[in-house]
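Chemist: Sending over a structure as structure tokens; questions will come in a sec.
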Amino acid sequence: MNHPAAPGSVSPAEQLRATLDRLLDGLPPKQAAGAVQRLIANYRGATPTDAPILRDRADVVAYAAYRMPATFEAVRSALAAFADVVPEGWVPGSHVDVGGGTGAATWAVTDTWAGVRPVTVLDWAEPALALGREIAAANPELRDAVWQRSRIGAALTIESTDLVTVSYVLNELDEADRATLVDTAAAAARAVVIVEAGTPAGYARIIEARDRLTAAGFRIAAPCPHSAGCPIVPGADWCHFSARVSRSSLHRQVKGGSLAYEDEKFSYVAATRLPVTPAPARVVRRPQIRKGQVLLDLCEADEQLRRTTVTKRHGDLYRAARDADWGDAWPPR
């Protein structure tokens, strides 16, 4: 449901990349790479922090250039799955991005639903908010966005809104603050989309949030084809997906790689009070294409995980299976 760019116009994804590249022009490459390495180490730490990790403009510019494209692609993928199942014509009239930092999720929302809407970004790091405001100046659909300093914890307040996004934030909070954030979002919003790293720990945080959202009366719109318990046995596996991200020169410098892209693994839940009809099933692993057949691992509406084999004799469905990707709804609508 991503809205196509008008002929001759630039998509939000392209505009974001160009804006980040311009920001890096004034930052020495060694300083940028060093800041990213230090910040990655902090983000991977096991102890939640009650202080902003992004301390100054150099930190924020380096980390925005490194992480915003990946966050954008992951959130955009989650929003696309959500947009596919909402009632026809529904568009969020307002959006609050909690812990949004430099605002990657706000760009993903504008890429999913065209138009200017009230947008508020809440974060505790003033340097991140300042840079987010600067970056957003390049996106006409974010011209009225409000960038507001807010503690993401017990004192969090969210004004009534159509959509709340929370991306890569739960990892920074302790259990009590995670619960407060999810409950506050559920009380304020018609739809909540939460994205975390595609790791066992990230998936566990998503399941924790999912349980709180369903307890609050929300329906699961995506990725699950049902709102019942997840059929994955805890500790045996985890549900996650993948989004392809174009690598910048900073990515290649930090990672020491030469590929023009990398794959961002993420877990997510999209839940809503809207009347949605989730996908009949979801492809939860990369499809295996073999001679004359495609193997699809599916999470299905009857709360089961199953592998289905689609062969040439299935005709159009076989051709659709060959084009199917990890994370897609199945069968295609």
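Chemist: Once whole DSSP H runs in the chain are found, which of them have Cα atoms spread over 30 Å or more along the helix axis and a mean Kyte-Doolittle score of at least -0.5?
Modeler: Working: long enough: 57-83 (35 Å, 0.58).
Taking the DSSP H segments of the chain (at least 30 Å long, mean hydropathy at least -0.5), we get 57-83.
Chemist: Suppose every K and R has +1 on its Cβ and every D and E has -1 on its Cβ; what is the size of the dipole of the chain about the Cα centre, in Debye to the nearest 20?
Modeler: It works out to roughly 1040 debye.
Chemist: Any chance you could check the Cα centroid distance between the stretch 95-123 and the stretch 287-333 for me, in angstrom?
Modeler: Cα centroid to Cα centroid, the span is 33 Å.
Chemist: Among T311, T184, T71, which one moves the most in a GNM of the chain with springs linking Cα atoms closer than 10 Å?
Modeler: Evaluated over the chain, the most mobile residue of the options is T311.
Chemist: Binned at 20 Å from 0, what are the whole-percent values of the Cα-Cα distance distribution for the chain, short to long?
Modeler: The calculated distribution, bin by bin, is 31, 59, 10.
Chemist: Farthest toward the dipole's positive end in the chain, which of P280, I194, P127, given Cβ charges of +1 (Lys, Arg) and -1 (Asp, Glu) about the Cα centre?
Modeler: Farthest towards the positive end: P280.
Chemist: Right, next: Between Y261, Y63, Y168, find the one with the highest GNM mean-square fluctuation for the chain; connect C-alpha pairs within less than 10 Å.
Modeler: So, out of Y261, Y63, Y168, the one fluctuating most is Y261.
Chemist: Contour minus end-to-end for A176 and D144, with contour as 0.36 nm per residue of separation and end-to-end as the Cα-Cα distance? Write down the numbers at each step before the final one.
Modeler: Values: separation 32, 0.36 × 32 = 11.52 nm, distance 3.26 nm.
Contour length minus Cα-Cα distance gives 8.3 nm.
Chemist: Find how much the distance from A216 to A260 grows on full extension, using 0.36 nm per residue of separation minus their present alpha carbon separation; answer in nm with one decimal.
Modeler: Using 0.36 nm per residue and subtracting the Cα-Cα distance, I get 11.6 nm.
Chemist: Can you put E300, E14 in order of accessible area, largest first, using a 1.4 Å probe? Working shown, then result.
Modeler: On the way: E300 45, E14 90 Å².
Ranked list, largest accessible area first: E14, E300.
Chemist: Let me ask something additional. For the stretch 102-189, what relative contact order do you get, as a whole percent, if you take Cα pairs closer than 8 Å and at least 6 residues apart?
Modeler: Once normalised by length, the contact order is 29 percent.
Chemist: Follow-up question, since we're still on this one. Looking at the stretch 256-313, which trypsin sites (Lys or Arg not before Pro) are in a loop (DSSP not H, G, I, E or B) and have at most 12 other Cβ atoms within 10 Å?
Modeler: K291
The values are calculated or read from the model by the stated rules, or taken from the named source; none is laboratory data. In this text, all values refer to a predicted model and were calculated from it rather than measured experimentally. So basically every Cβ, Gly included, is an ideal-geometry build from the backbone, and we count neighbours across all protein chains shown. In case anyone asks, the SASA skips ligands and DNA or RNA and just uses the protein heavy atoms, side chains included. Shrake-Rupley method; radii C 1.70, N 1.55, O 1.52, S 1.80 Å.
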